Structures are given as C-alpha cells and as structure tokens.
Amino acid sequence: MELWFYKAVDGDWLDKLIGWWTGGPYSHVELVFSDGTAFSSSPRDGGVRFKKIEPSSHWVVVDLKAPLREMITQNYQRAFKPGFNQWDDVASLYEGYIREWCEAQVGKKYDWKAIVGHFFAERDFEDRRAWYCSEVILAAMKRHHLYDGSVRMHPNEMYARVERPQIATV
C-alpha cells in the first residue's frame, strides 16, 4: 500500500486554496492498494470511493511497507517464529482487512462541514456519514493499528506524520 499526496499547485482553485489554507504543498491524499486501486473521499467524485488513478508528476508517493511491517512485528511478534520471512503474505492479508473496512465507507458523502472549519469537532469516527480525504484514510489505518493518533488532520499534517510514523500497539 502507498499514500499518494496531490500537489496543490498542479490542481484547480480549490486545491490551491486548500494548500494555501493548510500551509503546505498538498491538497489531497489517496490510499493506493497493491492492485493500483485508489481509495479516498473527494468532492469531485461526490464523496468516498475507489478509482484508478494514473501515476504522474502531480503526486508524491509514500510507501507504507515499512510502517506495516513494523506494526506487525511490534504487535504480533509472538505469533512468528525466528527467521519468519512471509511478510508479503501477512501484509497482503492485512491489506485485505483495511480494504474491507474501506469498502464499507464507499458512498458516504464528502465532509464539506469539516473542510470549512470543523476540523477539530469531536465526533465518533466509527459512526460517520461524511469524510474528507485524509480523515477517512487515517481512520482506516487507525482501525487496523497502522496508525495511532488523531484522524482529524489535513493532507499536509498527514504527510508530516508519515515522515515520523506513530505505530499503534494493541
């Protein structure tokens, strides 16, 4: 799995506004699965969805293999024997769990209310009717112990956190 961050400067006026407002170069993020299918919430697509996105210079890609392996090692090390080398199989299984949760979110609306100023409203992310891009991806990662922290952040904050991951322990 990878995170793809969209460069605000390459987008439309809304992308540029989000980049300016959040003080960074990114306006959107996608969670891209190993089969190339991207997951996120986008106002252009009416909310939460899966779609194919072609790689281009508009995106900055962050590979999630290392954080995923670290999380599995930290949380499930007793389940594996020394010399275990089936990480790809375990990561693939884990990716399936994350994808299943994402599929259950498809069709939910884009969270315009949060975008216009309610980033810090305390709500239960388990019972959401609307999501913005980084929020839904962080919720998926948090639910499956790949991330430990707030799900209420914009793509630029998320990118900064990916550089210093907070791996959850169970």
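The values are calculated or read from the model by the stated rules, or taken from the named source; none is laboratory data. This is a predicted model, so every value here is computed, not measured. Note that each Cβ is placed from the backbone with ideal geometry, even for glycine, and that neighbours are counted across all protein chains shown. For the accessible areas, the whole protein counts, side chains as well, though only heavy atoms, and no ligand, DNA or RNA atoms are used. Shrake-Rupley method; radii C 1.70, N 1.55, O 1.52, S 1.80 Å.
Please work out if S41 is among the polar types (S, T, N, Q) and modelled with pLDDT of 95 or more. Show your work before the answer.
Numbers: among the polar types (S, T, N, Q): yes; modelled with pLDDT of 95 or more: yes.
Yes.
Looking for whichever is within 24 Å of Y6 (Cβ to Cβ), of a type in the set (F, W, Y) and modelled with pLDDT under 90 here; the options are F119, F84, F80. Which one fits? I'd like the intermediate steps shown before the answer.
Details: F84 fails: within 24 Å of Y6 (Cβ to Cβ); F80 fails: within 24 Å of Y6 (Cβ to Cβ).
On inspection, the qualifying residue turns out to be F119.
Considering only residues that are within 17 Å of the chain's Cα centre (by Cα) and outside any strand (DSSP E or B), look in the stretch 56-67 and name the one that is modelled with the highest pLDDT. Can you show your working first?
Quick first cut of the stretch 56-67, residues within 17 Å of the chain's Cα centre (by Cα) only: 59-67.
Cutting the leftovers down to outside any strand (DSSP E or B) gives us 64-67.
Working: L64: 84, K65: 78, A66: 75, P67: 73.
Here the answer is L64.
Between a first residue in the stretch 142-158 that is in a helix (DSSP H, G or I) and a second residue that is buried (at least 19 other Cβ atoms within 10 Å of the Cβ) and aliphatic (A, V, I, L, M), which pairs have beta carbons less than 7 Å apart while being 6 or more apart in sequence or on different chains?
K142/V151; P155/V29; M158/V29; M158/L138
Looking at (1) more than 15 Å from the chain's Cα centre (by Cα); (2) open to solvent by 70 Å² or more (accessible area, probe 1.4 Å), which is the one condition that is false for S34?
Of the numbered conditions (1) more than 15 Å from the chain's Cα centre (by Cα); (2) open to solvent by 70 Å² or more (accessible area, probe 1.4 Å), the odd one out for S34 is (1).
Quick one: in the stretch 9-31, which of the residues that are farther than 19 Å from D111 by Cα, surrounded by 15 or more Cβ atoms within 10 Å (Cβ to Cβ) and among the small types (G, A, S) is farthest from the chain's Cα centre (by Cα)?
G11
Every residue in the stretch 122-136 that is at pLDDT 80 or above and exposed (fewer than 14 other Cβ atoms within 10 Å of the Cβ), please. Show your work before the answer.
From the stretch 122-136, those at pLDDT 80 or above are 129-136; that's our starting set.
Result: R129, single match.
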